[in-house]
Amino acid sequence: MTQENEAKDEWEPKIIGFLCNWCSYTGADLAGTSRLQYPPNIRIIKVMCSGRVNPQFILKAFQEGADGILVSGCHPGDCHYIEGNYHARRKLTLLMDLLDYMGVDSKRFQMSWVSASEGQKFAEVVTTFTNQIKEMGPQTKLRGVK
Amino acid sequence: MIDFKALEAEIKATAKKWLESGEVKFVIGYEKSPESPIARPFFAHTPEDTEKLYWGPDCINNLTLYLVEEMKKKPKKGQPPFTHAVGIVVKPCDSRTIVELMKEHMVPRERVKIIGVISEESINPDKLYLALKNVPASQRRNIRFHDAGENFRITYQGGELSVPKKELEADKCKVCVVHKAVIADVFVGTGEIEFKPDDFSDIKELEEMSEEERWKYWEQQMSRCVRCYACRDACPLCYCEECVFDREKPYRWVEKSVQVRENSFYHLVRAMHLAGRCIDCGECQRVCPMEIPIRQLNRFLIKKAKDRFKVFSGMNAEEKPMFGTYDLDDPGEEIK
């Protein structure tokens, strides 16, 4: 930790992105092939559907040292599995509320709908989210470090 | 004024009838031991056993826990599946648990016979011990409750005392919205369904704190948790065959060490697993040896489920579980 404090200027947030295979991951791919610039802080985990994202994944990622988490899936109505993102919306918005209630900044956990053709939007979402997390500093509460 | 003796007699008669006719294999109810101030769970297997059944405001346990355990039993290989019914005595709040279990197909309606007791409120055992603190331990036997309007007349060996009902009332009963079993084969007692609006004022203070204050509060609570998992074991809706917190393979979700990071993970996941299902029977908080306010987490999710998805658990067995369904118009303004 002391190391981290000393090198505060060089501190880079770790961001985990859970992207759905059909829309957001392809969108991220498009951002890459279109040579759009976005921060390299995001580590992407491909899931088949945003509905696959269990609240435990989010909490575990925070526990293991993630500073921010982005869950991204198809726009409502566009889910490859018809209804997966609706289920994700129910589960994960409730988790956001619960994190907020526990006093863990729920802004560290963001959801966004990015379709396969929205490479530009993906780059924008990641850029604004990374800047936001940079301002907030390291996540220490659920990680259990002082 | 409620005559607990009369309610008890009705429960006994019904249980006896069911056991004699063989409709049920056994009846889950309460009994009173001479030593214990509060009633304990009791299983009546024969008509003679029903004499031991008891009813009073000190019937606190949510007995549906034992109902789930019976329903989870599987016959030996090659044997036909169990079809026997089980009788159970429920308070109005506990009846909502049965509805929730029926929603999840854990308890088929035909396998449970319900005695729904129309009751006013249960007592908080901690408050009872406090009220009895001046009674010598040797006299704390044969404790019985009598309704005397605003007060409970509590008799014990060699004496009696009068305690205002409000002083003994359990916290969960203050915010109860249902005073008659939602589902029952036989109703015991009289009274009509009466709804008191629940304004969630008990968690308002916490919600109005700043984020840092809230974390400080919860961090302090989480640091006290010893992770005995009593809250999980006492919960009738935590019935998974293999609990995620016991799993080692393929992935160990939570370490055994008792730290804030592991404890908050446990409590957050436990709360999420009960979101939209918890009926606020308060067993988790009652059994907690460290007196962690677990109900505050559950109550928050009950409130949010109501605000966001208009879901109020345990009222209608025809509904689908909250996370098993969705609405096209669910709010999602946080999602950018």
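The values are calculated or read from the model by the stated rules, or taken from the named source; none is laboratory data. Here the structure is a predicted model, which means the values were calculated and not measured. Cβ atoms come from the backbone with ideal geometry, glycine included; neighbour counts cover every protein chain shown. Side chains included, ligands, DNA and RNA excluded: accessible areas come from the protein's heavy atoms. Shrake-Rupley method; radii C 1.70, N 1.55, O 1.52, S 1.80 Å.
Counting only protein heavy atoms and a probe of 1.4 Å, the accessible surface of segment B:244-320 is 49% carbon and sulfur. Per residue, the protein assembly as shown reaches -10500 deg cm²/dmol at 222 nm when only DSSP H runs of four or more residues are counted, each adding -39500 (n - 2.57). What is the magnitude of the charge dipole of segment B:4-188 about its Cα centre, with +1 placed on the Cβ of each Lys and Arg, -1 on the Cβ of each Asp and Glu, and no other charges, expressed in debye to the nearest 20? The dipole magnitude comes to about 480 debye. Angle of helix A:84-102 to the longest C-alpha principal axis of chain A, folded into 0 to 90 degrees and rounded to 10: 20°. With 28 Å as the limit, the listed pairs A:46/B:304; A:141/B:72; B:5/B:174 have A:46/B:304; A:141/B:72 beyond it between alpha carbons. Taking GluC sites (Glu not before Pro) across segment B:253-328, the ones in a DSSP loop with at most 13 further Cβ atoms lying within 10 angstrom of their Cβ are B:255, B:291, B:318. For segment B:204-324, a crude dipole built from +1 on the beta carbon of Lys and Arg and -1 on the beta carbon of Asp and Glu, taken about the Cα centre, is about 140 debye to the nearest 20. In segment A:71-103, burial by the other protein chains removes 50 Å² or more of accessible area from A:86, A:87, A:89, A:90, A:93, A:94, A:97, A:98, A:101, A:102, compared with the chain on its own (1.4 Å probe, ligands and nucleic acids ignored).
With the largest listed first and rounded to whole Å, the semi-axes of the equivalent ellipsoid of chain B from the Cα gyration tensor are 33, 27, 21.
Here is the interface size for B with A: some 4000 Å² of accessible area buried, both sides summed, with a 1.4 Å probe. For chain A, the fraction of 1.4 Å probe accessible surface lying on carbon and sulfur atoms is 49 percent. Unpaired Cys in chain B, meaning no second Cys C-beta under 4.7 Å: B:59, B:93, B:173, B:176, B:225, B:228, B:240, B:243, B:278, B:281, B:288.
The peptide list B:138-151, A:125-138, B:85-98, B:51-64, put in order of mean Cβ contacts within 10 Å with the highest first, becomes B:85-98, B:51-64, A:125-138, B:138-151.
Accessible surface of segment B:95-235, 1.4 Å probe: 49 percent of it comes from carbon and sulfur atoms.
Remark: mean inter-chain Cβ contacts per residue of B:265-275 equal 5, using a 10 Å Cβ-Cβ cutoff to other protein chain atoms.
Computed over segment B:195-279, the P(r) curve from all C-alpha pair distances, binned at 5 Å from the origin, holds 3, 12, 18, 21, 20, 14, 8, 4, 1, 0 percent per bin.
The packing ranking, built from the mean of other Cβ atoms within 10 Å per residue, places the peptides B:31-43, A:110-122 in the order A:110-122, B:31-43, highest first. Shape summary: chain A maps onto an equivalent ellipsoid whose semi-axes, from the alpha-carbon gyration tensor, are 26, 19, 11 Å in decreasing order.
Accessible surface area normalised per residue over the protein assembly as shown is 47 Å², counting heavy atoms of protein chains with a 1.4 Å rolling probe. Pairwise inverse Cα distances across the protein assembly as shown, averaged and inverted, put the Kirkwood hydrodynamic radius at 25.0 Å.
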